[in-house]
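As structure tokens, the structure follows; a few thoughts come after it.
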Amino acid sequence: LTTPDAERTMLTHLGISITLQKSDVDLEKLKSSSISYIEGYLWDGQGTKEASLLTMEESKKNGVKVAYTYSDPFCVNRSREDFIRLTKEYFDIVFCNTEEAKALSQREDKLEALKFISGLSALVFMTDSANGAYFAENGKISHVDGFPVKPIDTTGAGDCFAA
């Protein structure tokens, strides 16, 4: 189910991911990786939070970059202080959209929100719907224009962008 503008899903179901535990993290595979990618939704459950934190810690210890997606504005609002701390301490790459960036930074201007997050993490990608995407690295913000399409359903667009 999506809203008429194809922007929002009306239901979120985390499925099997909510059962993730620390014991599910394969540390040997992680050590041989170049990037670990973690979803913000995993910060909602105790077991998933512990597995995420283990992944972040082991990634940092072994020179593996940590990429993180804030998942949705509600997720950011629930865990804002944790997300700020984690962004400073662990995240090399952040993926978010303008609404998530505004929620985390508590700024209404999207570019100010992006500047806030880029002050915490090395590389930030922020999607802006039909307006394209921004990325910030070393204090420099760049923009890539979107192109006109008639969206049918944008569910998963952020995941596709990050891939």
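So the values come out like this:
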| quantity | calculated |
| --- | --- |
| Qualifying positions in segment 1-24 - surrounded by 10 or more Cβ atoms within 10 Å (Cβ to Cβ), part of a loop (DSSP other than H, G, I, E, B) and modelled with pLDDT under 95 | 3, 6, 7, 8, 12, 14, 20 |
| Flag if residue 67 is small (Gly, Ala, Ser) and either buried (at least 21 other Cβ atoms within 10 Å of the Cβ) or out of contact with any strand residue (DSSP E or B) (no Cβ under 7 Å at 6 or more places or on another chain) (or both) | no |
| Count of segment 40-56 residues which are over 11 Å from residue 30 (Cα atoms), outside any loop (DSSP other than H, G, I, E, B) and of a type outside the set (S, T, N, Q) | 9 |
| Out of 49, 61, sole residue that is among the basic types (Lys, Arg), more than 17 Å from residue 113 (Cα to Cα), in contact with a Phe, Trp or Tyr (Cβ under 9 Å, 6 or more places away or on another chain) and surrounded by fewer than 21 Cβ atoms within 10 Å (Cβ to Cβ) | 49 |
| Number of positions in segment 25-41 that are touching a Leu at 6+ places or on another chain (Cβ under 7 Å), modelled with pLDDT of 95 or more and within 23 Å of residue 104 (Cα to Cα) | 1 |
| Failed criterion for residue 119 (all others in (1) over 18 Å from residue 72 (Cα atoms); (2) more than 14 Å from the chain's Cα centre (by Cα); (3) crowded, with 16+ Cβ neighbours inside 10 Å hold) | (3) |
| Any pair with Cβ under 6 angstrom, 6 or more apart, that starts in segment 80-108 at a residue that is acidic (Asp, Glu) and modelled with pLDDT of 95 or more and ends at one that is surrounded by 21 or more Cβ atoms within 10 Å (Cβ to Cβ) and part of a loop (DSSP other than H, G, I, E, B) | 100/70 |
| So residue 91, is it closer than 28 Å to residue 17 by Cα and crowded, with 19+ Cβ neighbours inside 10 Å | yes |
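The values are calculated or read from the model by the stated rules, or taken from the named source; none is laboratory data. None of these values were measured; they are calculated from a predicted model. A quick note on method: Cβ atoms are made from the backbone with ideal geometry, for glycine too, and the neighbour counts reach across all protein chains shown.
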